Amino acid sequence: MAELFTVMPPGEAFAAVARGCSPIARTEIVPLRTALGRVLASDVAASETLPAFARSTMDGYAVRAADTHGASEQSPAYLRLVDDVPTAVVPRRPIGPREAARIHTGAMIPPGADAVVMVEDTNLHPVPVGDAEVEILAAAAPGENVLTVGEDIRAGACAVPAGRRLRAADLGGFAALGITRVQVAAQPRVAILSTGDEVVPASAAPGPAQVRDVNATTIAAIVERAGGVAVAHGIAADSTLMLERTARAALDDADALVISAGSSVSVRDLTAEAIGALGAPGVLVHGIAIKPGKPTVLARCGGKPVVGLPGNPASALVVAWRIVRPLVRVLAGERIDDDGLGDERELAAVLDVAVPSRPGREDYVPCTLARDGAGHLRATPVFGASNLIFTLVRADALIAIPFDRSGVAAGETVRVIVP
């Protein structure tokens, strides 16, 4: 029986396969409405300065800040009202000494004014000559409640850098600059191949000693959530020749390949041998220090990453999240941490039940999450074998036990991940 190589920490294992993988060169131009979650292919510079004019952030009165010095409810300052500036209107006149203009949120600041006093800090009084004067009940500092020209961004500055997975705020920034189409990285194509004589498609009725293919569906979901395109290549029989032939065709059709099952040390497990024949340098890692998912194969064949996952559904899903997900992001040109972590929803929770572990490996334990009477988030482990998919179905998150811990005691605060 073949032996696993010395297992490698997951972060190091990920780096070993990722460092030689270049982002795919294909790009495409998409409208903003479809750009959310895509990876920006090149830096986008601002074509104009924003704001283009100084404007108010409050309803109130545009003033010269010096005219409000020392103003308070006990000792108000009195300014003559000389204009009313609604939005989308250029002020009719500048503001002189001891003068003020009524102004609305978003309206242009009149020349001469350098601050806005909130309407809540004022009173408006008529005077005998028919004008009105504003009673200022609080002093304003220069620039208070004012957006200055270029305070948001200056023309020529980098608005959004390449490698950013675009968020709602990024799309809003593009819209503010009048950019309605952006160049993004093409979505990496990831071929997914299942193996095993006992595995049948999810749509089939399994016969005696057969099981449905769970992993093709869960891996595809991880790939697509990471921004890739999952390309199904079916199920390969337990034959080195057939597996190698099918895997080669799948890899030729994609930017990466994920094979599930056949990664352990059984004489029937052929994945590592088949992967090794797909191209140089071949297998880089066979065994990573993670539970579940230790018998994972990581390779780079002809510049493309290849991952051999365990067949157990929970193991395959955890390793797909830990390794395949960040590989998809690397191929899309996204800037990520060297160890592949990050970009997941992390929470802190109090552990209800002690969880054993072993130093020298990362453990991911399914758990449910609930708030107690005091509002604290609590994590309750869901224990189950790695070949049981419903262990994860019943869970809300994964308890992440660090590489150097020998278990976590009940009552400790733990890091939980919602993949």
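Across all directions, the average projected area of the convex hull around the alpha carbons of segment 41-157 is 8.4 nm².
Derived value for segment 1-87: Kirkwood hydrodynamic radius 21.4 Å. Basis is the mean of 1/r over every pair of different alpha-carbon atoms. Packing-based ranking of 396-403, 337-344 yields 396-403, 337-344, ordered from highest to lowest mean Cβ neighbour count within 10 Å.
Could you tell me which label, among [x] 21.4; [y] 28.5; [z] 22.9, carries the value of mean projected area of the Cα convex hull in nm² calculated for this structure? Identified label for the calculated read-out: [y].
Averaged over residues, the count of other Cβ atoms within 10 Å places the peptides 142-153, 8-19, 316-327 in the sequence 316-327, 8-19, 142-153, highest first. The helix-only estimate of mean residue ellipticity at 222 nm for the chain, built from DSSP H runs of length n ≥ 4 each weighted as -39500 (n - 2.57), is -4500 deg cm²/dmol after division by the residue total.
Annotation: peptides 168-179, 299-310, 355-366, ranked by per-residue average of other Cβ atoms within 10 Å with the highest first, follow the order 299-310, 355-366, 168-179. Bridges between two residues of the chain, per DSSP, are antiparallel at a rate of about 70%. Relative to its residue count, segment 76-215 spans a Cα convex hull of 241 Å³ per residue.
Here, each number is a calculation from the coordinates, and none is a lab measurement. Being a predicted model, the structure only gives us computed values, none of them experimental. When we count neighbours, we look across all protein chains shown, and the Cβ atoms used for this are built from the backbone with ideal geometry, even at glycine.
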